[in-house]
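The structure appears below as structure tokens.
The values are calculated or read from the model by the stated rules, or taken from the named source; none is laboratory data. Worth saying up front: this structure is predicted, and the values here are computed from it rather than measured. Note: ideal-geometry Cβ built from the backbone for every residue, glycine included; neighbour counts use all protein chains shown.
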Amino acid sequence: MEFKLNHPSLNPYSEIAIVKKQLERSIVERNRLDYSNKSNIYCVNNSLVAKMGRSNELNEREFDVGNYLYENGIHVPRIHSLIKINRSLIRNHMLSYSFDNNLVLLMQRIPGKRVDNLEGNEFTKAHQLMKKELAKTDILMIYPSDVGTHNTLYNPNDGKVYLIDFEGWEWK
Ligand SMILES: Nc1ncnc2c1ncn2[C@@H]1O[C@H](COP(=O)(O)OP(=O)(O)OP(=O)(O)O)[C@@H](O)[C@H]1O
Ligand SMILES: [Mg+2]
């Protein structure tokens, strides 16, 4: 598998090549989103981030769960694609990786903050919205895992919250 592509509007042989170059550059330049945390999350361009999970299996799960949630109207970052990258790129430039990591999940970048970093009214509003979003998953064929304000982003531009980090979610 070279990649799994999501957006039908994308021409896999043109735009994906550009995004792949941007992704490679962000890894080489260690352009991580939050340098202080341990996650392998890279800024690919203004609208996309890349996540390399703890294993390929977990990256694949996040791809499937993210798409499933999006298709069922849950606010989550739009998954762009799951891309295979060169092992040498990972070995030479990534801080942490496992023996089989060679997939990277590209997704919509949500501009904003984690809900647990908000304060006052903004926190209260975002917290309520998060609970609403989580309640919407009750009827789905999936069990949430590791959910909470630390895995929810608030985008002040559209006033919406977005659930993130689906590595531990389990199919019912
Ligand atoms: N789509 C996104 N847009 C913007 N920022 C994001 C996005 N996805 C993740 N982040 C940022 O990267 C951080 C880590 O992401 P995530 O929780 O998915 O990774 P993780 O490896 O499971 O990390 P952790 O163990 O800290 O939960 C988030 O807290 C958030 O700040
Ligand atoms: Mg997380």
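Among the residues of segment 122-148, which ones are within 13 Å of ligand 1 (Cβ to nearest atom) and surrounded by fewer than 18 Cβ atoms within 10 Å (Cβ to Cβ)?
Hits for segment 122-148 are Ser145, Asp146, Gly148.
Can you find a residue that is surrounded by 16 or more Cβ atoms within 10 Å (Cβ to Cβ), closer than 15 Å to Lys84 by Cβ and in contact with a Leu (Cβ under 7 Å, 6 or more places away or on another chain) anywhere in segment 27-34?
Among the residues of segment 27-34, at least one is surrounded by 16 or more Cβ atoms within 10 Å (Cβ to Cβ), closer than 15 Å to Lys84 by Cβ and in contact with a Leu (Cβ under 7 Å, 6 or more places away or on another chain), which makes the answer yes.
For His75, indicate whether it is under 15 Å from the mean Cα position of the chain (by Cα), outside the structural domain of Met141 (by TED's automatic domain parsing) and either surrounded by fewer than 23 Cβ atoms within 10 Å (Cβ to Cβ) or farther than 13 Å from Leu23 by Cβ (or both).
When the stated conditions are applied, His75 passes them.
Hey, does segment 32-41 have a residue that's farther than 29 Å from Lys136 by Cβ, part of a loop (DSSP other than H, G, I, E, B) and hydroxyl-bearing (Ser, Thr, Tyr)?
Within segment 32-41, one or more residues are farther than 29 Å from Lys136 by Cβ, part of a loop (DSSP other than H, G, I, E, B) and hydroxyl-bearing (Ser, Thr, Tyr).
Would you pick out the residues in segment 64-74 that are away from ligand 2 (no atom under 16 Å from the Cβ) and of a type outside the set (D, E, K, R)?
Those that are away from ligand 2 (no atom under 16 Å from the Cβ) and of a type outside the set (D, E, K, R): Asn67, Tyr68, Tyr70, Asn72, Gly73, Ile74.
For segment 148-172, name all the residues that are of a type in the set (Val, Ile, Thr), out of contact with any Pro (no Cβ under 9 Å at 6 or more places or on another chain) and near ligand 2 (Cβ under 10 Å from one of its atoms).
Of everything in segment 148-172, just one residue is of a type in the set (Val, Ile, Thr), out of contact with any Pro (no Cβ under 9 Å at 6 or more places or on another chain) and near ligand 2 (Cβ under 10 Å from one of its atoms), namely Thr152.
What number of residues in segment 114-155 are within 22 Å of Arg61 (Cβ to Cβ) and among the hydroxyl-bearing types (Ser, Thr, Tyr)?
4
Report whether or not Val104 is in the same structural domain as Tyr42 (by TED's automatic domain parsing), under 16 Å from the mean Cα position of the chain (by Cα) and of a type outside the set (Phe, Trp, Tyr).
Yes: the conditions hold for Val104.
The conditions are (1) buried (at least 17 other Cβ atoms within 10 Å of the Cβ); (2) more than 16 Å from ligand 2 (Cβ to nearest atom), and Leu89 fails exactly one of them. Which is it?
Looking at each condition in turn, Leu89 falls short on (1).
Name, by its number, the condition in (1) farther than 18 Å from Leu103 by Cα; (2) modelled with pLDDT of 95 or more that does not hold for Ser47.
Here Ser47 clears every test but (2).
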